[in-house]
1. Lys60: which lysines have alpha carbons under 22 Å from its alpha carbon, excluding same-chain residues fewer than 8 sequence positions away?
2. At 7 Å along the Cα-to-beta-carbon direction for both Glu16 and Ala99, put a label point, then send me their distance in nm to one decimal.
3. If r is the Cβ-Cβ distance from Ala71 to Asp92 and R0 is 30 Å, what FRET efficiency results, to the nearest 0.05?
4. Return one number: the angle in degrees, 0 to 90 and rounded to the nearest 10, between the long axis of the Cα atoms of helix 45-60 and the longest principal axis of the Cα atoms of the chain.
5. Enter the angle in degrees (range 0 to 90, nearest 10) between the Cα long axis of helix 4-24 and the first principal axis of the Cα atoms of the chain, meaning the one along which they spread out most.
6. At 222 nm, what value in deg cm²/dmol follows for the chain if DSSP H runs of at least 4 each add -39500 (n - 2.57) and the sum is divided by all its residues, to the nearest 500?
7. Per 0.36 nm of contour for each residue apart, how much would the distance between Val40 and Ala56 grow if the chain were fully extended, relative to their Cα-Cα spacing?
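Coordinate-derived values only; no laboratory data. This one's a predicted model, so the numbers in the text were calculated from it and none came from an experiment. Here the Cβ positions follow ideal geometry from the backbone for every residue, glycine too, while neighbour counts run over all protein chains shown.
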Amino acid sequence: MFSPRELDLKSLALHELVAQKIRADPRLFSKARDMLDRMVDQSGGAPRLYAAAWLALFDKGLDEALAMATADTEQGQSMRSSSPFASILSEDERLDFLAAWASRRTTDPI
């Protein structure tokens, strides 16, 4: 079983991978913005508050949004819980990450 900290570290590492991919191809930031727009339109309650917070970051630009997505802070952890970056990695990239994460965890427990 994963501890809450392990789950946060996994989410953080996944978002670091996403940030690398977006920095390599900044056009992907528009794809994340499209996802964010859908989140704003479809969500209510707490998810809508996160979507509004992400929207404010996206309006400040790629660097601000990615800084929050990869912040190892309580606020970063909270924001990642409702992330607009889900569509950035392909299914193969996501599965490769998960396999590498599981392998690392068995050889280097936290």
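1. Lys21, Lys31
2. A separation of 2.1 nm, rounded to one decimal place.
3. Working: r = 27 Å, r/R0 = 0.90.
Step by step, r from the Cβ atoms, then E = 0.65.
4. 80
5. 60
6. Working: 6 runs with 84 residues, N = 110.
Theoretical 222 nm ellipticity from helices: -24500 deg cm²/dmol.
7. On the way: separation 16, 0.36 × 16 = 5.76 nm, distance 1.18 nm.
Stretched fully, the Val40-Ala56 segment lengthens by 4.6 nm.
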